[in-house]
Amino acid sequence: MGLTFDAKATRRRMWELLGDIPAPFRPEATLISARDENTCILEHFEFANAIGDTVYGYLLLPSGIEYPAPAVLYHHEHGGKYHLGKEAALQIRENGYAPGLELVSAGFIVLAIDAYGFGQRERQGPAGERESGGATELSLFKHFLWQGKTLWGMMLHDDLTALAYLRSRPEVDSDRIGAAGMSLGASRSTWVGALDESVKAVVPISQMTRYRDFADAGAYAGHGIYYYVPGVLAAGLDMEHIVAASAPRHQLILTGDSDPLSPLSGIHKVMDFARKIYADLGAADKLEVVLYEGVAHAYLPAMLEATRDFFLRTL
């Protein structure tokens with residue numbers, strides 16, 4: 001006998017918890033620059049997010065492929081790297097790879113934006129140029145709460161609006177879009193996949209926290225202020241419901257089994273629940289998890305390679 005689970009009701013609860021934010025829309029993006037990077041054309045663009053802020057992003061169009069092509073919405077991490085933002089897609093990491101360029105080399109269009117407080121938006125807070133980095137992030141959190149919004153909801157609003165822009169591009173096969181990212185980027189990918197069914201495959205890397213288990217561990221300092229959505233546990237919502245809301249679409253969860261930001265007990269509970277939902281929908285083979293033994297909060301070369309190969313299989 002299957003579990004009782006209502007994906008539509010789960011999405012409604014998610015939207016309610018995110019606060020008074022407008023619906024995502026297809027933005028009118030302005031091209032700032034475009035240059036040939038040999039393996040791709042790199043477009044630098046911006047769009048207004050309809051809430052008074054400007055979002056900056058990169059679109060990477062692979063060279064020498066046939067269009068329309070599959071695409072990946074790539075979400076950057078946190079790690080206190082406020083200066084990085086969308087550059088995370090282009091910058092060679094400690095694992096020796098530039099994630100966006102690795103996906104481009106496999107034939108995927110890649111779109112990446114700066115989340116609130118990151119990259120070109122590092123000083124795009126209530127205090128403007130007077131604050132940057134963590135100070136901007138904290139001020140935005142307070143600012144949005146007073147408006148009945150949440151910082152997490154505003155980040156997702158921009159991600160979902162960027163997704164609408166990606167779907168609108170003539171180079172993109174809108175039936176073959178995935179989402180991926182590490183840490184902060186992993187949670188963004190999981191929520192975006194749950195909220196928007198146009199995402200056909202999701203890869204969260206090194207962040208699969210079950211909120212209740214994380215709370216029980218008392219490790220609140222481990223996650224940044226962005227991570228905390230008022231009322232999420234009181235609403236009976238946890239990560240297993242958010243993961244299951246993407247069923248029966250493809251998901252590949254990659255994380256270390258020793259990551260203090262994702263207690264292993266919680267990962268098992270998430271997977272036990274979500275696997276039953278996927279199985280009930282006849283899609284047991286579409287939910288995959290890889291636990292890396294002895295690995296903490298990391299972005300291993302094997303994780304990026306697994307992401308690339310997964311998208312090649314599913315998109």
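The values are calculated or read from the model by the stated rules, or taken from the named source; none is laboratory data. Note that the structure is a prediction, hence the values are computed from the model and not measured. So basically every Cβ, Gly included, is an ideal-geometry build from the backbone, and we count neighbours across all protein chains shown. Ligands, DNA and RNA are excluded from the accessible area calculation, which covers all protein heavy atoms including side chains. Shrake-Rupley method; radii C 1.70, N 1.55, O 1.52, S 1.80 Å.
Residues checked against (1) of a type in the set (D, E, K, R); (2) surrounded by 18 or more Cβ atoms within 10 Å (Cβ to Cβ); (3) at pLDDT 95 or above; (4) not in a loop (DSSP other than H, G, I, E, B):
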site	(1), (2), (3), (4)
ILE51	no, no, no, no
VAL55	no, yes, yes, yes
LEU61	no, yes, yes, yes
VAL72	no, yes, yes, yes
HIS78	no, yes, yes, no
LYS86	yes, yes, yes, yes
GLN91	no, no, no, no
GLY96	no, no, no, no
VAL104	no, yes, yes, yes
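The set of residues in the range 39-49 that are open to solvent by less than 50 Å² (accessible area, probe 1.4 Å) and not hydrophobic (A, V, I, L, M, F, W, C) comprises GLU43, HIS44, ASN49. For the range 254-270, the criterion of a residue being part of a loop (DSSP other than H, G, I, E, B), surrounded by 15 or more Cβ atoms within 10 Å (Cβ to Cβ) and touching a residue at least 60 places away in the same chain (Cβ under 8 Å) is satisfied by at least one position.
Based on what the data block shows, is GLY153 closer than 16 Å to HIS76 by Cβ and not β-branched (Val, Ile, Thr)? Taking the combined requirement at face value, the residue does not satisfy it.
Restricting ALA302, ALA296, ALA221 to those that are modelled with pLDDT of 95 or more, assigned to a helix (DSSP H, G or I) and of a type in the set (Gly, Ala, Ser) reduces the list to ALA302.
Scanning the range 121-135 for residues that are surrounded by 13 or more Cβ atoms within 10 Å (Cβ to Cβ), out of contact with any helix residue (DSSP H, G or I) (no Cβ under 9 Å at 6 or more places or on another chain) and closer than 19 Å to VAL55 by Cβ yields a count of 2.
Could you say whether any residue in the range 127-135 is in contact (Cβ under 8 Å) with a residue 60 or more places away in the chain, out of contact with any strand residue (DSSP E or B) (no Cβ under 6 Å at 6 or more places or on another chain) and of a type in the set (A, V, I, L, M, F, W, C)? Among the residues of the range 127-135, not one is in contact (Cβ under 8 Å) with a residue 60 or more places away in the chain, out of contact with any strand residue (DSSP E or B) (no Cβ under 6 Å at 6 or more places or on another chain) and of a type in the set (A, V, I, L, M, F, W, C), which makes the answer no. Sort out which residues of the range 9-38 are open to solvent by 60 Å² or more (accessible area, probe 1.4 Å) and under 20 Å from the mean Cα position of the chain (by Cα), and write them in order of number. Those that are open to solvent by 60 Å² or more (accessible area, probe 1.4 Å) and under 20 Å from the mean Cα position of the chain (by Cα): ARG12, ARG13, TRP15, GLU16, ALA23, PHE25, ARG26.
Is it fair to say THR314 is more than 22 Å from LYS81 (Cα to Cα), among the hydroxyl-bearing types (Ser, Thr, Tyr) and open to solvent by 10 Å² or more (accessible area, probe 1.4 Å)? Yes, satisfied.
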